[in-house]
Structures are given as C-alpha cells and as structure tokens.
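Okay, so here's the structure we're looking at.
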Amino acid sequence: MLAIDGLEVVYNRVALVLKGVSLSVARGSVVALLGGNGAGKTTTLRAVSGLLAHERGEVVSGSVSWMGESLVRLSPDRTVKAGVVQVLEGRRVFEHLTVDENLLSGAFTTKSLRQARQATSVVYDYFPRLADRRRQHGGLLSGGEQQMLAIGRALMSEPSLLLLDEPSLGLSPIMVSEIFEIITRLNVDTGLTVLMVEQNAEAALSIAHHGYVLENGRVVLDGTSDELRNNQDVSEFYLGLS
Ligand code: ATP
C-alpha cells in the first residue's frame, strides 16, 4: 500500500504547507483526495511522485512509502521505476507531436521499441478515441482527449500506482464520466491503484472506494465514499455537495 505518515512539507525552506498529513491507499483501491484551493492536495501528490524538488519543496518530516519502499528523496525517474507515476494537472501533452509519439515519449521503463509499441496498443484498447486519432498532433485534440492522452502517456511506464491531479478540470460532464469509467476499468481489470486529487468531489466519490479531505495542510476527515457522501453536514461544508 501507499503509506503516508506525519508528512510535513515546506516550500522555499520556510512555508510549511503540509502539517502532518497521514493517509493510506490500499493496493488495488481508488482513493480521492479532496479539499478546497490551497489545502495541500497537489503538494501531497508531489511528495509521493518526487516532483517536490522541482518546485523548491522539501519533505521536512514524516514518511512516504509504496509497497514498503520509501519514496522520500527518490528522484522522479527512480520513483517511476518504483511503479509510481503522476499525471500533472492541466493535461500537459506535446502539442507538436502526434498522439502516437506522445505515448512513445512516455515509455521510460520499456527496453525496446517493440515493447513500447505493445504498450501503446494496450493504451489504445482502453482509449479508443486516442486510437482513432493516433496520427493527429496532440495540440489538435479536445480537452478531454488531451486528458486521456496525458493518462495514456503515464500508463506507458506500466505504473502500479497512478497519481492523478484534477483529471476532470475544465471538462464537460460527459467527458468526465467517460474518463472516470476508463479509470475504473483500469482499476478493476489490472489492479491499478489510483490516488486522485479532485475538486469535483461528487464525480471523484462516485468511483473512489475511500476519500480524504484536506484543509490547510491537514487531513480533517476521511471515510468510505458512501460515508462521506451520506454525511450531510460534511458533504455541504467540505465537499460542496447538496
Ligand atoms: P489547488 O487546487 O489550488 O492546487 P491544492 O490543495 O492542490 O490546491 P497546493 O497546490 O498543494 O494545494 O498548495 C498548498 C499551498 O502551498 C498553497 O498555499 C500554495 O500557495 C502553496 N504552494 C503550492 N505550490 C507552491 C510552490 N511551487 N512554491 C511555493 N508555494 C507553493
């Protein structure tokens, strides 16, 4: 499992933004990390994926491990080798590369082009829309298709833990449900573990098994998705559901 215990993170050596976050994600589960702007959700993902250092952030206390291996202070490429991949917020795809080339550029862990091609065909099985557009430039795809491409690119290194940062951001409800259905299929078919940051609590809890709510750098609440959705006060106050 992913175990985060007492995690404290600072940016620029001074600003303490995570103030002792503890959470766990069981292997094979989908977990939603919820909360308002600036709560520390993205920072938590960065602490898992090794991308903190790029942002002048640092773990000052606590531990993060996946399947028993500590991820703290691992470089992002070592973290990918440990099976952990983050899909960045904002669907960062290479606009001037084709869909196919975008996917191949994510093949960090594969040893041969043949193996990489095989990995693309697995991605295309899950994302038929990408298969249809494999020779189109990334920049010509719709927002939802770009999000699919960003997820597909992350899958190319065959992660065991996928970290998603706001996959629903700016997408139509239909596209959100299409993408969330695919995430569920990946979870069910392959046992992929997913930790997903979302502002769209309703959509996230519809596919997650468990959820955590962060506020001001601390976990203020957690429970099964049903527990979180059925608690009226909680869902109105923290999750913006009615
Ligand atoms: P949002 O949905 O707005 O991204 P979030 O819950 O993901 O919110 P974070 O992005 O983790 O929150 O931000 C937590 C705090 O850390 C905020 O106060 C933010 O201003 C600060 N912060 C985030 N990234 C950096 C950075 N690269 N350098 C300095 N401070 C940062």
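If I ask for residues that are of a type in the set (S, T, N, Q) and modelled with pLDDT of 95 or more, which ones from the stretch 12-21 would you list?
The answer is none; no residue qualifies.
Take R133 and tell me if it is of a type in the set (K, R) and in contact (Cβ under 8 Å) with a residue 24 or more places away in the chain.
Yes: the conditions hold for R133.
From S61, S29, S24, which residue is over 15 Å from the mean Cα position of the chain (by Cα) and either at pLDDT 95 or above or more than 22 Å from H209 (Cβ to Cβ) (or both)?
Just one listed residue meets the conditions, S61.
Which ones in the stretch 96-108 are in a loop (DSSP other than H, G, I, E, B) and either within 16 Å of the ligand (Cβ to nearest atom) or touching a Lys or Arg at 6+ places or on another chain (Cβ under 6 Å) (or both)?
G106
Mind checking whether some residue in the stretch 43-52 is buried (at least 22 other Cβ atoms within 10 Å of the Cβ), closer than 30 Å to R134 by Cβ and not small (G, A, S)?
yes
Checking the condition over 21 Å from E198 (Cβ atoms) and touching a strand residue (DSSP E or B) at 6+ places or on another chain (Cβ under 7 Å), which residue from L113, L45, L71 passes?
L71
Mind telling me which of the residues R135, R78 ends up being modelled with pLDDT of 90 or more, charged (D, E, K, R) and in contact with an Asp or Glu (Cβ under 7 Å, 6 or more places away or on another chain)?
Of R135, R78, the one residue that is modelled with pLDDT of 90 or more, charged (D, E, K, R) and in contact with an Asp or Glu (Cβ under 7 Å, 6 or more places away or on another chain) is R135.
Could you check the stretch 98-110 and list, in sequence order, the residues that are in contact with a strand residue (DSSP E or B) (Cβ under 7 Å, 6 or more places away or on another chain) and either closer than 8 Å to M156 by Cβ or at pLDDT below 85 (or both)? First the steps, then the outcome.
Narrowing the stretch 98-110 to residues in contact with a strand residue (DSSP E or B) (Cβ under 7 Å, 6 or more places away or on another chain): 98.
Across the stretch 98-110, there are no qualifying residues.
The values are calculated or read from the model by the stated rules, or taken from the named source; none is laboratory data. Keep in mind that what you see is a predicted model, and the values were worked out from it rather than measured. Counting neighbours? That spans all protein chains shown, and the Cβs are built from the backbone with ideal geometry, glycine included.
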